[in-house]
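The block underneath contains the structure these notes are about, expressed in structure tokens.
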Amino acid sequence: MVNLENQGNLIINGMGSSGGGSFNKVLINGKGNVQGDIECNDFTINGTGTVAGNVKGNEGKISGNGNIEGSIEFEQFIIEGAGGIQGDAKINNMKISGNGKIGGSLKAEEIKLRGKATIAEDCEAEEFKGTGDFVIGGLLNADVIDISIAGECHAKEIGGRTIKVKKGIFSFLNNLFKAVYPVSLTTEIIEADEIEIEYTNAKMVRGDNITIGPNCHIDVVEYKGTFSQDPSATVVEAKQI
């Protein structure tokens, strides 16, 4: 944990700019920008502020279209609006609401997504809870994964201990505008001990106990314990191993 309470504060309003450094609090309002790395207790961007460097701290927040052109490391970080991290993110507790973007990988203890998220590489956590839609370029890996789909979700692979994927409560609009607002999760492989999925397209689903719910299309299911399939789902091949 960073402890910089004896350091000064950095506050930028409007179009001001500053160099990096160590601070207690950093507040960037409007179009302010910082050139260089930052280490601080509290970090906030409001508006379209930019940091050209890495940022490390205890609590951080981006509201609006703020952008960090490096990597971040925080105890807690919140992205609201269309904030972006161009590098990697290492966070204990991560919350994304709006349209957050991470250009590298995301590692966290807990990830809560409400809205849309784009993560270019792997996403790893102890617990991943997502409501909305996301694109993960690599592996989504967490002990507990709970996804409520409200759009188009994509991940290269998904792995964990318990995986649950269901249609979100707001995706009822899909029934009215199916061609315009598709609802689905698409991935190559899902692997976990307990799997319960719906509205999912996958080449392989492998686990102990597997429930394939409505509107799924799965090429191959491999299960050790139990297997069930909704009548509306398509499973090309299911085999007990």
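The values are calculated or read from the model by the stated rules, or taken from the named source; none is laboratory data. Everything numeric in this text was worked out from a predicted model, so none of it was measured. Reconstructed Cβ throughout: ideal geometry from the backbone, glycine too, with neighbour counts over all protein chains shown. With ligands, DNA and RNA removed, areas are computed over all heavy atoms of the protein, side chains included. Shrake-Rupley method; radii C 1.70, N 1.55, O 1.52, S 1.80 Å.
Filtering region 89-112 to residues that are within 23 Å of GLY151 (Cβ to Cβ) and open to solvent by 60 Å² or more (accessible area, probe 1.4 Å) leaves LYS95, LYS101, LYS112. For beta carbons closer than 9 Å, sequence separation of 6+ or different chains, a first residue in region 183-198 that is without any contact (Cβ under 8 Å) to a residue 12 or more places away in the chain and buried (at least 24 other Cβ atoms within 10 Å of the Cβ) and a second that is among the polar types (S, T, N, Q) and not in a strand (DSSP E or B), there are no qualifying pairs.
Out of GLU157, GLU127, GLU152, which single residue is farther than 17 Å from LYS107 by Cβ, open to solvent by 10 Å² or more (accessible area, probe 1.4 Å) and among the charged types (D, E, K, R)?
Of the residues listed, the single one that is farther than 17 Å from LYS107 by Cβ, open to solvent by 10 Å² or more (accessible area, probe 1.4 Å) and among the charged types (D, E, K, R) is GLU152.
Could you please give the count of residues in region 149-178 that are polar (S, T, N, Q) and modelled with pLDDT of 95 or more? Count: 1. The set of residues in region 8-43 being out of contact with any Leu (no Cβ under 6 Å at 6 or more places or on another chain), open to solvent by 30 Å² or more (accessible area, probe 1.4 Å) and among the β-branched types (Val, Ile, Thr) is empty. Report those strands (runs of 3 or more DSSP E) wholly inside region 9-53 carrying at least 3 residues which are modelled with pLDDT of 90 or more and within 18 Å of SER71 (Cβ to Cβ). Those strands (runs of 3 or more DSSP E) span 17-30, 33-47, 50-52. Taking the conditions exactly as written (under 21 Å from SER97 (Cβ atoms) and either of a type in the set (Asp, Glu) or out of contact with any helix residue (DSSP H, G or I) (no Cβ under 7 Å at 6 or more places or on another chain) (or both)), does GLY66 satisfy them or not? Yes, satisfied. Taking the criterion of being in contact with a strand residue (DSSP E or B) (Cβ under 7 Å, 6 or more places away or on another chain), exposed (fewer than 14 other Cβ atoms within 10 Å of the Cβ), of a type outside the set (Ser, Thr, Tyr) and not in a strand (DSSP E or B), the residues of region 220-236 that qualify are LYS224, GLY225. In the condition set (1) touching a Leu at 6+ places or on another chain (Cβ under 9 Å); (2) open to solvent by less than 50 Å² (accessible area, probe 1.4 Å); (3) closer than 18 Å to ILE79 by Cβ, VAL165 is compliant with all but (3).
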